[in-house]
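Encoded as C-alpha cells, the structure appears first; notes follow it.
The values are calculated or read from the model by the stated rules, or taken from the named source; none is laboratory data. All values derive from a computational prediction rather than experimental measurement. Here the Cβ positions follow ideal geometry from the backbone for every residue, glycine too, while neighbour counts run over all protein chains shown. Each accessible area value is taken on the protein alone, full model and side chains, heavy atoms only, with ligands, DNA and RNA left out. Shrake-Rupley method; radii C 1.70, N 1.55, O 1.52, S 1.80 Å.
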Amino acid sequence: QVQLVESGGGSVQAGGSLRLSCAASGSIFSVNNMGWYRQAPGKQRELVADITSGGRTNYADSVKGRFTISRDNAKNTVYLQLNSLKPEDTAVYYCSAAVRTHWYDRFVDYWGQGTQVTVSP
C-alpha cells in the first residue's frame, strides 16, 4: 500500500508565504508525476501545479509567478512554495502521485488527505 502524507498548511495574512510538503511512502517501485490540487468550498478540485520525474513543471495560470513546485526523487517528496498569497488561494490542498508498486504494474494515482490553507485579507 502507498500513503501520501501532507504537512505545512496553516493560516496566513494576504501577502504571506507557506511551504507545503508531501511524502509518499509504502510499497513504491517508482513515482512518475507528482502534483498539487486544491478545492475551495463549493468549488471543484483544480490543478495547482504538477511536476514530472524529470523536473518539468506545469502551473495553473492563477498561481504562475507566485507558487513553485519542486520534488526530491530520493525521498519521494513533493513541495509547494506558496508566496504572495491571496484570500482566493484559501482551500484544502491535496497532493497526488502516480506510483508503480512493482516493475510490472501500471502507474496508479494516489492522494493525500489534504491540508488546509487559509489566507485572510
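Of all residue pairs spaced 6 or more apart or on separate chains, none has beta-carbon atoms under 9 Å together with a first member in the stretch 39-61 that is under 14 Å from A97 (Cα atoms) and free of Cβ contacts under 8 Å to residues at least 12 places away in the same chain and a second member that is of a type in the set (S, T, Y) and in a loop (DSSP other than H, G, I, E, B).
Of the listed requirements (1) over 19 Å from S7 (Cα atoms); (2) not in a loop (DSSP other than H, G, I, E, B), Y110 misses just one: (1). Does at least one position in the stretch 84-93 carry a residue that is within 13 Å of the chain's Cα centre (by Cα), open to solvent by less than 20 Å² (accessible area, probe 1.4 Å) and among the hydroxyl-bearing types (S, T, Y)? The answer is yes, given that some residue of the stretch 84-93 is within 13 Å of the chain's Cα centre (by Cα), open to solvent by less than 20 Å² (accessible area, probe 1.4 Å) and among the hydroxyl-bearing types (S, T, Y).
Is the stretch 23-32 home to any residue that is in contact (Cβ under 8 Å) with a residue 12 or more places away in the chain, out of contact with any Phe, Trp or Tyr (no Cβ under 9 Å at 6 or more places or on another chain) and open to solvent by less than 30 Å² (accessible area, probe 1.4 Å)? No, because not a single residue in the stretch 23-32 is in contact (Cβ under 8 Å) with a residue 12 or more places away in the chain, out of contact with any Phe, Trp or Tyr (no Cβ under 9 Å at 6 or more places or on another chain) and open to solvent by less than 30 Å² (accessible area, probe 1.4 Å). One residue stands out among those in the stretch 47-66 that are crowded, with 16+ Cβ neighbours inside 10 Å and more than 11 Å from the chain's Cα centre (by Cα): the one that is farthest from W36 (Cα to Cα), which is V63. Take the conditions (1) closer than 18 Å to G26 by Cβ; (2) surrounded by fewer than 20 Cβ atoms within 10 Å (Cβ to Cβ); G112 misses just one of them, which is (2).
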